[in-house]
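Undergrad: Quick one: this structure, given as structure tokens, is what I'll be asking you about.
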Amino acid sequence: MTALPKGVERLVTSGRFELDGGSWEVDNNVWLVGDDQEVLVVDAAHDAEVIAAAVGPRHVVAIVCTHAHNDHIDAAPALADLTGAPVLLHPADLPLWKQTHPARSPDGELADGLRLEAGGIRLEVLHTPGHSPGAVCLYAERADVLFSGDTLFHGGPGATGRSFSDFTTIIASIRDRLLTLPPQTAVLTGYGEGTSIAAEAPHLKEWEDRGH
């Protein structure tokens, strides 16, 4: 991956993604956003102790879930217990959350337009349903960076072949909410290597045609 913007750190944790009776080995990106005093954790995947070690003595403002597939939230309650930070999720993804954590609810709700901040980096929540009903992306305008979760990847939209997902909806989210961002915006994804708005925008028609 190319150099990350200042104030952004990447961890990769490994585990299993499970949905609709299937199970797959996955390597997830976990993002720490902030400075040497405080951070936001984006997608607490698989290993709370590894994430907490990377955070170190810094204050965790919040644990932000881009969506509630198990591999993005499985370590969230344990990390909350270790750090005292609230877990934030869009309420439309509560049915998915409850599949993984039936006895534990998120601590707060994400909503379109909500602004979060850590270490001087401001993030705006963009509700981008499609991969799941409550999927969100986080946009840091001043840093020219988007944390896209599983909504947009290098090469196309996130998967929509399983329950709670819809291809037409994710294409609309990408077209109307993400590809309207400045071309230079770096896109930091839920898995794998990142991309940019400029690199993905030319492929929109190709993706739209898949649904016809």
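Values quoted throughout were computed directly from the atomic coordinates according to the rules given, and no laboratory measurement underlies them. Predicted, not measured: the structure shown is a model, and the values here were computed from it. Note that we place each Cβ from the backbone using ideal geometry, even for glycine, and neighbour counts take in every protein chain shown.
Undergrad: Would you check if Ala118 is hydrophobic (A, V, I, L, M, F, W, C), surrounded by fewer than 20 Cβ atoms within 10 Å (Cβ to Cβ) and either in contact (Cβ under 8 Å) with a residue 40 or more places away in the chain or in contact with a Ser or Thr (Cβ under 8 Å, 6 or more places away or on another chain) (or both)?
TA: no
Undergrad: Under the condition of being buried (at least 19 other Cβ atoms within 10 Å of the Cβ) and among the β-branched types (Val, Ile, Thr), which residue from segment 27-50 is farthest from Gly119 (Cα to Cα)?
TA: Val30
Undergrad: Looking for whichever is under 14 Å from Ile63 (Cα atoms) and buried (at least 19 other Cβ atoms within 10 Å of the Cβ) here; the options are Leu89, Leu146. Which one fits?
TA: Leu89
Undergrad: Considering (1) within 15 Å of the chain's Cα centre (by Cα); (2) farther than 22 Å from Pro202 by Cβ; (3) in a loop (DSSP other than H, G, I, E, B), say which one Arg104 fails and leave the rest.
TA: (1)
Undergrad: May I ask you to verify whether Leu82 is crowded, with 19+ Cβ neighbours inside 10 Å and touching a residue at least 24 places away in the same chain (Cβ under 8 Å)?
TA: no
Undergrad: Okay, next question. If we keep just the residues of segment 140-179 that are under 23 Å from Arg122 (Cβ atoms) and basic (Lys, Arg), which is nearest to the chain's Cα centre (by Cα)?
TA: In this case the residue turns out to be Arg177.
Undergrad: Same structure, new question: Taking segment 149-168 as the search range and keeping residues that are surrounded by fewer than 17 Cβ atoms within 10 Å (Cβ to Cβ) and not small (Gly, Ala, Ser), which one is farthest from Val187 (Cα to Cα)?
TA: Arg162
Undergrad: Find all pairs meeting these conditions: Cβ atoms under 9 angstrom apart; at least six residues apart or on different chains; first residue within segment 9-30 and more than 18 Å from Ser163 (Cβ to Cβ); second residue among the basic types (Lys, Arg) and assigned to a strand (DSSP E or B).
TA: Final answer for the pair search is Glu25/Arg16; Asn29/Arg10; Val30/Arg10.
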